[in-house]
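Asker: Here it is, the structure in full.
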Amino acid sequence: MTAGVLVVLAMLFVMFSGFWTDWLWYRSVDYSSVFTKTLWTKIGLFAVFGLLMAVAVGFNIWLAHRLRPPLSAMSMEQQSLDRYRMALAPYKKWVLLGATALIGLISGASAAGQWRTWLMWVNGVPFGSKDPQFHKDISFFAFDLPFYRFLLGFGFAAAILSLLAAALVHYLYGGLRVTTPGARATAQATGHLSVLLGVFVALKAVAYWLDRYGLAVKSGDFKATDNWTGLKYVDANAYLPAKTILFIIAIICALLFFATIWRRTWQLPVIGFGLMVLSAILIGGLYPALVQKFQVSPNEQAKETPYIKKNIEATRKAYDIDDAEEQDYRGTSKASNEKLRNAADTTASMRLLDPNVVSPTFQQKQQVRGYYQFPATLDVDRYKKDGKEQDTVVGLREINTNGIPEKNWINEHFKYTHGFGMVAAKGTSVDKDGAPDFTEKDLPPEGDLGKYQGRVYYGEKTTQYSIVGGPQKELDYADDNGEKTYTYKADSGVNLSNPLNRAAYAVNFNEPQILYSGAIGEGSRVLYKRTPKERVEAVAPWLTIDGDPYPAVVDGRIKWIVDAYTTSNGYPYSSRTTLGDTTEDSLTDGQRAVVAQQNRVNYIRNSVKATVDAYTGKVEMYQWDKKDPVLKTWMKAFPDTVKPKSAISGDLMDHLRYPQDLFKVQRDLLQTYHVTSPSQFYSGSERWQVPDDPTHKGNAVPPYYLSMKMPGQKEQQFQLTTTFNPNKRETLGAFMAVDADAKSGDYGKLRLLRLPPNTTVAGPSQVQSKFNSDPVIADKINILKRGDSEVEYGNLLTVPVEGGLLYVEPVYVRGAGTNYPRMRKVLVAYNERIAFEDSLEQALNKVFDTEGRQQDGERTGPGDQEKDKGKDKEKNPPNASVADALKDAQTAWDKSEEAREKGDWEEYGKQQKALADALDEAAEAEKKGSDGSGSGSSG
């Protein structure tokens, strides 16, 4: 008995520890109101609906027992059940209480899971616009209808469970008979069960009525789109009247069941129920099918046009793409080369440092110690230098417990507790060796960012708990003078001085050493839930979290900036999308995946900008979209959790940007919904598709941040860009950019450049194919690959320039002995011209022929590269002597061999290029000598 009591107490403490540690965590981040509001809402729903279900089922069991016939009236069939009745007799009350309690617990737990539905219903704020079919405010479909459906489902469950329980009791005590001839049920049982069936049918009538409104948010297949939502012709003209008729029939049928209390016969209600079922088949199934076949199908486009228009308007509004600015764009240019060259410099600041490629370079150059790490994909932000804003690639030096020299519990959780410092590099340039041009680097950090708190206790890669602030000193950082120690000074985390807290966390983390370790003492605090996404998700469980938080130095502190969305699945006529699929691209991994409360949505807004302090873990949320009714609803439910937009500091505003996941959702919808004509929408002739990433086949190309100006803009703005292909083609169909600078008056403005459908402007995949298939470029790439070096292609940026499209792609070389990429070349394409040079400036000069190598109007394509090479040599003659050229070739060969022996593959590549150039010069000199067109040597 003692052992049993101890086991029960241990189980209770395990349950308590989960609750207690959650409460302590929410209190530590000053969001205890979220915990208590959510908890009490769940408890209230559990208690109310659990009690209602228990009372409903329990009452009907009691009533069936009370209405049982006298024993003398029992048949032989019922007498055989006598032993069961006798066995139950002493425990009837306990069986009744146990059964109803179990049903109540299950029902209450199910109802508690609907806390979001309840809070949205009770706090719902009007949208201020109405649906086009029923003329009800959108809030009815977004907030009210889901709760009504929950109530309806609960009612059905209560009716069915009560019916089954009552029937079982009536059978057990003789009210129902199965095998005995004669009357099958007593009058009391007939009346009782008929009332329950009447309640069920009445609920079915309510379901038919709600189904009418459900048609506005019903998803289905349609020729024009796979994600159609809302009414079509057959819904409005067949299903809608059918639901109304079935509602009336169900009401009549329910009344017939209720009338059985007095008539004591099943005849009329059974006939009524059969007619209802037949009506559901004929009116609810066959009639709509006939309308679809004989009225809609012969002239579907004309019939569906009004409904397509409603769907287009609702979808564009729900995803905030209705104000997208569209303009036609030629895709080719007749401007002079000089004008194009100047425009290339002023239109965009080309980001040559690809944040998706250079993380290993950051790691090699700035890791400092093996117990630090950078994320696999870095971030793009903006910082000012001499008053001018420049695109910057940034990453935090976070702790990497896998790199700890000696792994043990103390080292992992007490000593190596935090990373240190921001590392930043110019996005538009590299140093002379092709490595990032760092503007903030080293330990302790130094550079252009000024003085700030550089310790990183909370980050994307910081996933395990740490215990800080106690007797055990932490490693701060190491420099030439050795290791520096540190003691955490913030009041973040949960205090472990209390023995109860230590015991709870020992259970919660499954680590008994927390209970008795001498490393924990006065001032010790445990830090956990340390990634920015999970912290924001915990304090705002009603938000959907963007997959890419990014760090910024704000007001002297490192802060993670997290974009958060409000979503709904109940916007009438708006087509649904799946967030997990639409936000996935070639860079998406587990770390960058969106954290969605609802994966299937048809309404989304970037309503909240949140920050997480990398040192204290403090979470702050700011209202970004002041008009969003969903956010207003949640702010009403959780007051004082979201600060007003006016509370955003100027320094923070400098770093806010348009979120990638929202942009990807919008571009996914714009593949179909960029057209506003129902006829074009129906035909699908203007449909687009997001191209595959040319360097990561099978995955959508990610959007790119860069500073540029779209046609019509006067100056460069920080923007997020993407491209579209026409459906099932590789040419370019459109280019889209959104103003991503939060300080801009046009922030969030979508601009679409639509290319003529009859042109064949090359898309990203085709441009990449041109680069790969050009023989001269291929030879140079092969030279870069010598010595087991690897070539990596960076982001293929697309920029509209003077009516045409400029493509820029940095090329990185990962040397065999270095294991990190450095930018060595730049690929550029404009119209049919391509170039492959050491720098962006050289490549642009080559493409736009600003050194006079080509006349205006001539284009340099893959087949023209050798011609250009010949022209260059005519204007700049090579060594006149074959001997001199061969001497240069020998020198290059000797130097390349020397570099190969040293393992200097960068120098090896340069000398191999010089060798190839010298051999070309020798061949040219020999040719001139044999033709008599110049001096030469046969030696």
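Read-outs: derived from the displayed coordinates by stated rules, not from any lab. Keep in mind that this is a model prediction, so the values were computed, not measured. All Cβ positions, glycine included, derive from the backbone under ideal geometry; neighbour counts span all protein chains shown.
Asker: Round to the nearest 10 and give me the degree value, 0 to 90, for the angle of helix 2-28's Cα axis relative to the longest principal axis of the chain.
Answerer: In the chain, helix 2-28 runs at an angle near 50 degrees to the longest axis.
Asker: 7 Å from Cα along Cα→Cβ at both Glu841 and Thr891: what's the point-to-point distance in nm?
Answerer: 2.5
Asker: How far is the Cα center of the range 499-561 from the Cα center of the range 1-52, in Å?
Answerer: Value for the Cα centre distance between the two parts: 19 Å.
Asker: So, one more: Excluding Ile249 itself, calculate the net charge of residues whose Cβ lies under 12 Å from the Cβ of Ile249, where each Lys or Arg counts +1 and each Asp or Glu counts -1. Spell out each step's value before the answer.
Answerer: Details: positive: Lys204, Lys243; negative: none.
After counting each charged neighbour, the total is +2.
Asker: Magnitude of the Cβ-charge dipole of the chain, K/R +1 and D/E -1, about the Cα centre, nearest 20 debye?
Answerer: Dipole of the chain, to the nearest 20 debye: 5600 debye.
Asker: For the chain, take the longest principal axis of its alpha carbons; what is the angle in degrees between that and the long axis of helix 300-318, to the nearest 10 within 0 to 90?
Answerer: That helix lies at roughly 80 degrees to the long axis.
Asker: Still on this structure, please answer the following. Rounded, prolate or oblate: which fits the range 762-836, taking a ≥ b ≥ c as square roots of the Cα gyration tensor eigenvalues, rounded meaning a/c under 1.5, else prolate when a/b beats b/c?
Answerer: Working: a/c = 2.99, a/b = 1.91, b/c = 1.56.
Prolate.
Asker: Separate question: Please give the net charge around Glu440, taking every other residue with its beta carbon less than 10 angstrom from that of Glu440, where Lys and Arg add +1 and Asp and Glu add -1.
Answerer: -2
Asker: For the Cα atoms of the chain, what angle does the longest principal axis make with the long axis of helix 660-673, in degrees from 0 to 90, nearest 10?
Answerer: It works out to around 80 degrees.
Asker: Divide the volume of the convex hull of the Cα atoms of the chain by its number of residues and quote the answer in cubic angstrom per residue.
Answerer: Output value, Cα hull per residue: 228 Å³.
Asker: State, to one decimal in nm, how far the label point of Ala99 lies from the label point of Gln295, with both points 7 Å from Cα in the Cβ direction.
Answerer: In this crude spin-label approximation the distance works out to 5.0 nm.
Asker: Per residue, how much space in cubic angstrom lies within the convex hull of the C-alpha atoms of the range 111-154?
Answerer: With only Cα atoms used, the range 111-154 gives 60 Å³ per residue.
Asker: Relative contact order for the range 247-398 using alpha-carbon pairs under 8 Å, separation at least 6, rounded to a whole percent?
Answerer: Reported as a whole number, the value is 11 percent.
Asker: Go ahead and estimate [θ] at 222 nm for the chain from helices alone: -39,500 (n - 2.57) per DSSP H run with n ≥ 4, summed, over the residue count, rounded to 500. Please report the intermediate quantities before stating the final value.
Answerer: Details: 28 runs with 388 residues, N = 939.
Theoretical 222 nm ellipticity from helices: -13500 deg cm²/dmol.
Asker: Further question: What order do you get for Glu584, Glu398, Glu715 when you list them from fewest to most C-beta neighbours inside 10 Å?
Answerer: Glu715, Glu584, Glu398
Asker: Find the Cα radius of gyration of the range 186-318, compare it with 2.2 N^0.38 Å by division, and give the number to two decimals. Display every interim value, and only then the final one.
Answerer: On the way: Rg = 19.0 Å, N = 133, 2.2 N^0.38 = 14.1 Å.
Against the compact-globule rule of thumb, the ratio is 1.35.
Asker: Given Phe49, Tyr658, Gly804, which one lies farthest toward the positive end of the charge dipole of the chain, if we put +1 on the Cβ of every Lys and Arg and -1 on the Cβ of every Asp and Glu?
Answerer: Phe49
Asker: Can you list the residues of the range 451-470 with backbone N under 18 Å from a point 7 Å past the Cα of Asn495, pointing along Cα to Cβ?
Answerer: 467-470
Asker: Shifting gears a bit: Mind ordering 636-642, 188-194 by average Cβ neighbours within 10 Å, highest first?
Answerer: Averaged packing, sorted descending, gives the order 188-194, 636-642.
Asker: By counting other Cβ atoms within 10 Å of each Cβ, how are Ser574, Ser769, Ser679, Ser162 ranked from fewest to most?
Answerer: On the way: Ser574 31, Ser769 15, Ser679 12, Ser162 26.
Placing the least packed residue first, the sequence is Ser679, Ser769, Ser162, Ser574.
Asker: Under 1.5 on a/c is rounded, so check that first for the range 531-656, then, if it is not, pick prolate when a/b is larger than b/c and oblate when it is not; a ≥ b ≥ c are the square roots of the alpha carbon gyration tensor eigenvalues. Display every interim value, and only then the final one.
Answerer: On the way: a/c = 2.00, a/b = 1.28, b/c = 1.55.
Because a/c hits 1.5 or more and a/b fails to exceed b/c, the range 531-656 counts as oblate.
Asker: Ranking Glu802, Glu326 by Cβ neighbours within 10 Å, fewest first, what do you get?
Answerer: Result, fewest neighbours first: Glu326, Glu802.
Asker: Moving to a separate point now. Can you give me the relative contact order of the range 560-670 as a percent, contacts being Cα pairs under 8 Å and 6 or more apart?
Answerer: Relative contact order, the range 560-670: 30 percent.
Asker: Once you have the Cα-Cα distance between Glu790 and Ala302, take 0.36 nm times their residue separation minus that, and quote the gain in nm to one decimal.
Answerer: 169.9 nm
Asker: For Asp323 and Leu278, what does the FRET efficiency come to when R0 = 56 Å and r is the distance between their Cβ atoms, rounded to the nearest 0.05? It would help to have the intermediate numbers written out before the result.
Answerer: Numbers: r = 50 Å, r/R0 = 0.90.
It comes to 0.65.
Asker: Below 8 Å between Cα atoms, with a sequence gap of 6+, how large is the relative contact order for the chain in percent?
Answerer: That works out to 11 percent.
Asker: Along Cα→Cβ, 7 Å out, is where each label goes; now give me the distance between the ones at Lys451 and Asp345 in nm to one decimal.
Answerer: Computed distance between label sites Lys451 and Asp345 equals 4.0 nm.
Asker: Calculate, in nm to one decimal, what Ser129 and Glu534 gain on full extension: separation in residues at 0.36 nm each, minus their alpha carbon distance.
Answerer: Gain on stretching Ser129 to Glu534: 142.4 nm.
Asker: How much length, in nm to one decimal, is gained on full extension between Asn819 and Thr36, taken as 0.36 nm per residue of separation minus their Cα-Cα distance?
Answerer: Additional length available on full extension: 276.7 nm.
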